[in-house]
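Here the structure is laid out as structure tokens; the discussion comes afterwards.
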Amino acid sequence: MQRPSRRTVYYLALVLVTTLVFTGAYNAGMAIWEDRPQPLYRSLQVVIQSFTTTGYGEDAPWQTPQMNLLAILMQLAGIGLILTAVDVFAVPWLRDTLTPSAPAVAPELEDHVLICEHTPRTDAFIEELDARDREYVLIESDPDTARNLYEAGYRVITGDAESTETLANAHLEAAMCIVVDAADDRSASIALAVRDARPDGRVITLVEDAGLARYHEAAGADEVLSPRQLLGASLTEQVPTAVTTEVDEGITIGEDFELVELTIGEDSDLTHTTFAEATLRDRFGVNVIGAWFDNEFKTPVDPEDELEPETRLLVAGAPDHVESLREATTSDVRGFTAQRIILVGFGDSGRAAYNALSGSGSRLTVLDIEPAELVDIVGDARDPAVLEEAGIEEVDALLLTVADDTTAIFTTLIARELNPDLHIVVRANEEDKVEKLYQAGADYVQSLATVSGRMLASTVFEDEEVLAYQTQVNVVQLPVGGLEGSTLAGEEVRTKTGCTVVAVIRNGETVTEFDPAGFTFRADDEVIITGTDAAITRFEQRFNP
């Protein structure tokens, strides 16, 4: 039985108190002002008649102004209670009746993905599923959240994912795998329930605290993913240090080919030239996949686009060719003194970032809201005084890995104000906060939700290998699919999808040099492609439906 809401309890208490007060006042008024004493129950009857607008019977009319005023007050109070009752009872009932609720049982499905609980991370994963036109069922325990998701078009049912009945309603027996993304302790409990209901089911969980991964495995999880650690380590690649400079180490594709992001330095010879004038392919022998202009990825690059300082190029080529371009993109004079870095947030991502930076020769200052080993400054990063204590005005870079995006946005604003030349790298927990962080002054932002979605997609689907989860551009390996028997030029792959095929896997060997117009794909080939999420989706829909 559903418990009454707090508003209902308050309303009933108001009715009771109002009735008692007016009953006492009316009984006293009849005895004192009207000189017509009567029993208390008779006065209660008159008050109820007044509240319900059914009349006053033999008591009316009254002779004194005081009793007439009291009667008016009772009438107004009655109208107020009736209107309040409409808001407390009728409006919620109509809303519940007219608003469709999420179903408790999913339609019949086979070979679908069963997702337990909704988070921003599962949102990114569901986008991957939609791109592949794969069926899924989402179990959400909160009825209001489930209803909102259902209205938004999600394939969701409401229920407790730890319940055998709910799992059966989601057709657990027919699911290809089960993805669990709840609080760490609840995820372990759900994994146990799934394993008990279907011992042969494949269970994948996401963990907030990497130290708890072994308990998920003990509960029956086949694979436990920790995207926070991966993202924390990858963010450090965007922090200028004496060892890494401002360049990714790259993604190796085959023995003599790699994909690398390069940042154009202020004093580079390439600065303030157009892409056509730079002639990168002729000078360095590399393919430019695309470039980030004002934090927006553009592919292909327009020949008239100007290469400004901090423009990031995504290039593919042989290691020696890439190294030549690397030297050209950096400044002519570059200091290699130890960089000063403030690391804000010392959870899993922060610790992974700390470990990655520890060997870089940088001088690290760790700031966190809670005291802990290796934390140098304890305080709120949104307080300018705390940032000043950490040395924000003198450091070279700020790495933000806090758990709350609003805190990250406000801290970025303050840090940019205190040190306009600061290099700011931020972890965003939700995809829709990425643009706000850039507007606040961040130089580089990566979304935890996006990384998690890519990790899940790569883990669930064995026919797609995501070679780099943490880049803002996907690098994936896919079956050749609909490209069989055709060429890149003939299918106009880059024009129609926005993706670039950087390599082909044929007979176990990686082919990186091929003629787009003459190289014909075979059925057993696999392609390594790069592109944004939208571009990868277009490629999959066109060639791997």
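The values are calculated or read from the model by the stated rules, or taken from the named source; none is laboratory data. These numbers come from a predicted model, not from an experiment. Glycine gets a Cβ as well: all are built from the backbone with ideal geometry, and neighbour counts include every protein chain shown. To get the accessible areas, we keep the full protein, side chains included, count just its heavy atoms, and leave off ligands, DNA and RNA. Shrake-Rupley method; radii C 1.70, N 1.55, O 1.52, S 1.80 Å.
Within segment 268-304, the residues that satisfy the criterion of being farther than 21 Å from T497 by Cα and assigned to a loop (DSSP other than H, G, I, E, B) are S268, D269, L270, T271, H272, T279, G285, V286, D294, E304.
Within segment 304-322, residues that are over 16 Å from D294 (Cα atoms) and free of Cβ contacts under 8 Å to residues at least 40 places away in the same chain have Cβ atoms under 9 Å from residues that are part of a strand (DSSP E or B) and open to solvent by less than 20 Å² (accessible area, probe 1.4 Å) in these pairs: H321/V315, counting only partners at least 6 apart in sequence or on another chain. Checking each residue in segment 370-410 for being β-branched (V, I, T) and closer than 12 Å to I342 by Cα picks out V375, I377, V386, I392, V395, T401.
Among residues of segment 166-191 being open to solvent by less than 10 Å² (accessible area, probe 1.4 Å) and part of a loop (DSSP other than H, G, I, E, B), the one that is farthest from I204 (Cα to Cα) is A170. Restricting attention to segment 480-529, the residues that are closer than 23 Å to E258 by Cα and in contact with an Asp or Glu (Cβ under 6 Å, 6 or more places away or on another chain) total 5. Within segment 273-329, the set of residues being over 27 Å from H423 (Cα atoms), open to solvent by 30 Å² or more (accessible area, probe 1.4 Å) and among the hydrophobic types (A, V, I, L, M, F, W, C) comprises just one member, A276.
Scanning segment 409-439 for residues that are among the small types (G, A, S) and open to solvent by 10 Å² or more (accessible area, probe 1.4 Å) gives no hits. Of all residues in segment 417-438, those that are farther than 23 Å from A449 by Cα and touching a residue at least 12 places away in the same chain (Cβ under 8 Å) have Cβ atoms under 8 Å from Cβ atoms of residues that are open to solvent by 20 Å² or more (accessible area, probe 1.4 Å) and in a helix (DSSP H, G or I), 6 or more apart or on another chain, in L418/P384; L418/E388; L422/R416.
Scanning segment 435-455 for residues that are in a helix (DSSP H, G or I) and farther than 26 Å from T205 by Cβ turns up E435, K436, L437, Y438, Q439, A440.
Scanning segment 142-165 for residues that are more than 19 Å from the chain's Cα centre (by Cα), open to solvent by 40 Å² or more (accessible area, probe 1.4 Å) and without any contact (Cβ under 8 Å) to a residue 40 or more places away in the chain turns up D144, D160, E162, T164, E165.
Being within 30 Å of Q541 (Cβ to Cβ), free of Cβ contacts under 8 Å to residues at least 24 places away in the same chain, part of a helix (DSSP H, G or I) and open to solvent by 50 Å² or more (accessible area, probe 1.4 Å) is a property that D130 has. Please determine whether any residue of segment 198-209 is surrounded by fewer than 17 Cβ atoms within 10 Å (Cβ to Cβ), part of a helix (DSSP H, G or I) and over 24 Å from the mean Cα position of the chain (by Cα). No - not one qualifying residue is present in segment 198-209. How many of the residues in segment 338-382 are open to solvent by 70 Å² or more (accessible area, probe 1.4 Å), without any contact (Cβ under 8 Å) to a residue 24 or more places away in the chain and of a type in the set (S, T, N, Q)? Qualifying residue count for the region: 0.
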